[in-house]
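One structure is given here, and the rest of the page talks about it.
The values are calculated or read from the model by the stated rules, or taken from the named source; none is laboratory data. In this text the structure is predicted, and so the values were computed from the model without any measurement. Don't worry about glycine lacking a Cβ; one is built from the backbone with ideal geometry, like all the others, and counts go over all protein chains shown.
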Amino acid sequence: MTTRGRVRTMESMSDVRTEYLTSLAASLRGPRRVRRSLVQEASDHLEDATLAHVEAGLDEHTAACRAVADFGTVDEVAPHFQTTLAVASARRTALMLLTVMLVQPFVWDDDPAAGRPDGALYAVLDTGVEALGMAMMAFAFVLALACGIGNRWFLAGRSVARLTAVGSLVSGAALVAIGVLMTVLGNGQRLLDWVLVAAFILVPIAGTSLSARRTLAAC
Amino acid sequence: MKSESLRGHLDAMILAVLEDEPLHGYAIIEALARRSGGRLDLPTGTVYPALRRLEAAGHLVSSWSEETGRRRRTYRLSRSGRKELAGRRTEWQAFSRMVGDVLGT
């Protein structure tokens, strides 16, 4: 087929293809970059398949319809695409949480000059934040692996994505609660303490929680 | 052959068709159809999520390339993909031999 013929064929088949791709794209939720590249690949596939059918002798419209039919209905295909998106979103959430947690030991490092506040509650919270921090770090590390290279050993599906999102939301809320309470109970009401809490806990956990909510929406 | 019975083997079949050369999505699906003698009956769209999953697992590496003036996402086997394929082949041979022995074929 000549280049001009190819272009004409692609233009005329675009209605069927565009309608299908628009419907597919509208049914997907998840990270924009992954979503775009998945839909782009679907578009490339439909273009190649249509041209192959035209070269095999079908008229342009029938070829485009056949390509779309072979690809599968949106109801058949979208759940598979959606799982890819949910897992990609979960991986991003887990990596964000891991990054946030990696800096926590430095945030919670006791300032010898300030001294450690007295009180049983503060001691419990101090122990709790350490345990929670370690657990969150391990959780984020395992889930980031599970959503990526872990696919070698088991398929990470939407249940893993949901676990990542819910775990991130719950543990993030617990960390914020403990962080704020410890700052209130801490040495005075220094502005610097609140700046540190905001910069290293509130803002990063808010970002992670937003990503977790998007992951839940993609599940 | 119906998609349900193929689902568990799709990953291995994708790795197999990429053994010799990198291919883009449509070429992978064509190769699957050709090698199966046209008996592979599954919505072709379901192959793309499998490609992404294999890539996340590190068995495939993808890159965008330009072919005849059009951009295409091309996949190639990684070292771990080759190892995985070898393992899947060994497993399949043992499995099919065992079932064949039991069925008396």
Checklist entry - Would you say residue A:174 is in contact with a Gly (Cβ under 9 Å, 6 or more places away or on another chain), touching a residue at least 40 places away in the same chain (Cβ under 8 Å) and away from chain B (no Cβ under 14 Å)? => result yes
Next on the checklist: If I filter region B:54-74 for residues that are buried (at least 16 other Cβ atoms within 10 Å of the Cβ) and of a type in the set (S, T, N, Q), do I get at least one hit?
Outcome noted: yes
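Is it true that residue A:211 is in contact with a Leu (Cβ under 7 Å, 6 or more places away or on another chain) and on the phi < 0 side of the Ramachandran plot? Don't jump to the end; show me each part of the working.
Values: in contact with a Leu (Cβ under 7 Å, 6 or more places away or on another chain): no; on the phi < 0 side of the Ramachandran plot: yes.
No: the conditions fail for residue A:211.
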Checklist entry - Can you tell me which residue in region A:118-168 is nearest to residue A:106 (Cα to Cα), limited to those that are under 21 Å from the mean Cα position of the chain (by Cα) and of a type in the set (D, E, K, R)? => result A:162
Next on the checklist: If I go through region B:56-88 residue by residue, how many of them are more than 11 Å from every other protein chain (Cβ to nearest Cβ), touching a Leu at 6+ places or on another chain (Cβ under 6 Å) and not in a strand (DSSP E or B)?
Outcome noted: 1
Item to check | Extreme residue, nearest to residue A:75 (Cα to Cα), among residues of region B:23-49 that are part of a helix (DSSP H, G or I), in contact (Cβ under 8 Å) with a residue 24 or more places away in the chain and more than 8 Å from chain A (Cβ to nearest Cβ) | outcome: B:47
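If you take the residues of region A:21-41 that are aliphatic (A, V, I, L, M) and surrounded by 16 or more Cβ atoms within 10 Å (Cβ to Cβ), which of them is nearest to the other protein chains (Cβ to nearest Cβ)?
If we take residues in region A:21-41 being aliphatic (A, V, I, L, M) and surrounded by 16 or more Cβ atoms within 10 Å (Cβ to Cβ), then A:38 is nearest to the other protein chains (Cβ to nearest Cβ).
Considering only helices (runs of 4 or more DSSP H) fully contained in region A:42-158, which possess at least 3 residues that are within 13 Å of another protein chain (Cβ to nearest Cβ) and more than 30 Å from residue B:67 (Cβ to Cβ)?
Details: elements: A:60-71, A:74-107, A:120-146.
Ranges flagged: A:74-107, A:120-146.
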Checklist outcome for this item: Within region A:151-167, of all residues that are at pLDDT below 90 and crowded, with 20+ Cβ neighbours inside 10 Å, the one nearest to residue A:209 (Cα to Cα) is A:156
